[in-house]
Amino acid sequence: MRRIAVTLFFAFLISALTLAAGFCETKYPGEDWADRPDPLASSHAQKGGEVKTFGGQYPKSLNYYLDNNTLSAEVFGSMFETLLAMNPITLNYEPGLADWWTISEDKKTFTFHLDPDAKWSDGQPVTAEDVRWTYDAIMDPKNLTGPHKISMERFQPPEVIDKRTIRFTAKKVHWKNLQAAGGFQILCKHAYKDKDFNKINFEFPVVSGPYKLGKIEEGLFVQINRRQDWWEAHAKRNQGKFNFDTITYRFYAERTNAFEAFKKGQIDLFPVYTSRIWINETKGDAFFKNHIVKQKVYNHKPVGFQGFAMNMRKAPFDDVRVRKAMAYLLDRRKMNHTLMYDQYFLHRSYFEDLYSPENPCPNPLIELDKQKGRDLLKAAGWRVNPETGYLEKNEQRFTFRFLSRDASSDKFLAIYAEDLKDVGIELVIDKKDWAAWARDMDEYNFQMTWAAWSAGVFKDPESMWLSTEAERKGGNNITGFKNDTVDELIEKQKTIFDIQKRNDIYRHIDQIIYQAYPYVLLWNIDYTRLLYWNKFGTPRTVLSKYGDEASALVYWWMDPDAKALLGDAVEHKTPLPPNSASVKFDTVFEN
């Protein structure tokens, strides 16, 4: 599934923040800003050791500008920095590669001054030329950087004022312009300018961030190693963070195989996205004796959505009646009950966290209703051939291919296929590995697929729902959604700096999208399920305020005493003291 996640490595890439006082002729950060310790980081944290985590399927690239997925974003974000950083609690902008910045009164010009101490791993300084070159690389038409062009298109090519100063001028006012200019990762011009950008995938000899690329075994694992000479290592805000000497991402074609590797100790940290594993397979001595910690973590991580994406560019899913019928023919409640132990809520929105009991979602909850499905299909011109039992239109059978990349989806598709067959539709599974799936998705060469999207703290519907993005290859508007009213609302929200007013617009957008049925919406949870071997030190909150399991790679550390106790307990089959089964960020952080 394609995901775009919020983590502390790269929250500034996919979140957007409006600073109420951020647009005036004032130098930022202001005089009240100071380099202070991160309140989430533990003073007990220690440097050293290795953590092994599940990286999903092997990516087609570690260049996040070329491969828009969570793993690439994490690795890339650990190696390359942005002009601005973001406070993990307040989400206010703070210095990154830039030590100060200014914003013009008309809210269109953004000037950044690079920190004189900012250096590349080869010892050369980070310069304004590096920023300009990265912008040019993203905007180059021949480079496959589609989703990242959206933000950069808002600006004129940036002007290099001097070695350490660069100025961005926006074509129009947009609440996200500061984030766009200050929030993209900067690459090293002298290291990469002579390379084919589309082939910069697994070699990054010069970096600026806390980690550098280590050993890679294609298809098996990728390692990143902590840099001893990172230019920001001694900043107060980085103490207690980036603790592991080595982070190893291990790859498995199937999540069930990764879980088996986890139980054998080949993986240390395993987030659980499968209820069957969480409910039925977290048993045995390692769990009962607390050698493995099982925790639910509740924080403020934004809730995304997942669903079966339908390609609206092609028949039969170019007809809204057919798409709506596909929703009525999916028995989500049965799947949630029989396959997922009622662990999930059923989606009725593309922006779930914009609604609350005080502001309830008006979208109707779609339940299985085969008669409504049949009626919609009949209205769309599909008739059952009595000889075959299948629906036909213009002498063509209703058959479609479901592009899949994970065997764990098979049991869900089996239920769906039976209900579809009952009304005369044939579902054919087209299973591919991650790389092949990603290539097809970049070219929109699919009819239906399972896509999961995480969300930003601040919503930005442009890349996924703007009509012009429907034709940009490798983009996020994978369904080909187009709607004039949504386009107008997206344009309207660009100049609104009041987050509550923007959220009102997004709720309107959500309700329009919902009635167009670009996805057969599925289900979600509002917490993170973690399994990990009991050898780590963690902050009291376990994860960050807005992050998922990736924030563990920033804040956790290898605890030598805990590691020794675990080794002794495993050897002698003795129990360890239990950890909290549930952690609530607000309760722990405030106390």
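For the reader, a short list of remarks on this structure follows.
- Dipole in debye (nearest 20) - the chain, about Cα centre, beta carbon charges: Lys, Arg +1; Asp, Glu -1: 820 debye
- With DNA, RNA and ligands ignored, accessible area of Arg333 (1.4 Å probe; Å², nearest 10): 120 Å²
- Solvent-accessible area, 1.4 Å probe, carbon plus sulfur percent, for the chain: 49 percent
- Contour minus Cα-Cα distance for His508 and Gln239 (0.36 nm per residue): 92.5 nm
- Spread over its residues, the convex hull of the C-alpha atoms of the stretch 515-591 is 153 Å³ per residue.
- Peptides 230-242, 279-291, ordered by how many other C-beta atoms sit within 10 Å of their residues on average, highest first, read 230-242, 279-291.
- Set against the labelled values (i) 28.4; (ii) 25.3; (iii) 24.5, Kirkwood radius over Cα pairs in Å computed from this structure falls on (ii).
- Within the straight-line cut-off of under 19 Å between alpha carbons, the aspartates and glutamates reachable from Lys492 are Asp106, Glu153, Asp460, Glu462, Glu469, Asp484, Asp504, Asp510, sequence neighbours fewer than 8 places apart in one chain being disregarded.
- Placed amide H near Asp430: partners under 5 Å, 5+ positions off or other chain: Phe402, Leu403, Ser404
- A simple spin-label model places the labels of Tyr341 and Glu153 4.6 nm from each other, with each point 7 Å out along Cα-to-Cβ.
- Principal semi-axes in Å for the stretch 319-389 [√(5λ), Cα gyration tensor, largest first]: 29, 17, 8
- Subset of Lys60/Lys263; Lys60/Lys236; Lys107/Lys459; Lys108/Lys142 violating a 30 Å alpha-carbon distance limit: Lys60/Lys236
- Tail weight of P(r) past 16 Å, computed on alpha-carbon pairs of the stretch 50-161, percent: 70 percent
- Reduced Cα scattering model of the stretch 253-331, Debye log10 I(q)/I(0), q = 0.14, 0.17 Å⁻¹: -0.71, -0.83
- Over 31 Å (Cα to Cα) - which of Lys215/Lys573; Lys47/Lys301; Lys372/Lys432; Lys195/Lys545 fall in this group: Lys215/Lys573; Lys372/Lys432; Lys195/Lys545
- Accessible area per residue, Å², the stretch 526-591 with all protein chains present, probe 1.4 Å: 46 Å²
- Bridging of Lys212 to aspartates and glutamates at a Cα separation below 13 Å is possible for Glu74, Glu81, Asp122, Glu203, Asp229, Asp245, once same-chain residues fewer than 8 apart are set aside.
- Approximate spin-label separation Tyr273-Asn579, in nm, with each point projected 7 Å along Cα-to-Cβ: 2.1 nm
- Principal axis box of the stretch 376-512, alpha-carbon based, largest edge first, Å: 60, 37, 25
- Once the Cα-Cα distance is subtracted from the 0.36 nm per residue extended length, the Gln124 to Lys378 segment shows a gain of 84.7 nm.
- Net charge of Cβ neighbours under 9 Å - reference Leu403; Lys, Arg +1; Asp, Glu -1: +2
- In this rough spin-label picture, where each label sits 7 Å from Cα along the Cβ direction, the Asn359-Asn445 distance is 4.3 nm.
The values are calculated or read from the model by the stated rules, or taken from the named source; none is laboratory data. Everything numeric here is computed off the predicted structure, so don't read it as measured data. Using ideal geometry, Cβ is built from the backbone for each residue, glycine included, and neighbour counts are taken over all protein chains shown. Just the protein is used for accessible areas: all its heavy atoms, side chains included, with ligands, DNA and RNA removed. Shrake-Rupley method; radii C 1.70, N 1.55, O 1.52, S 1.80 Å.
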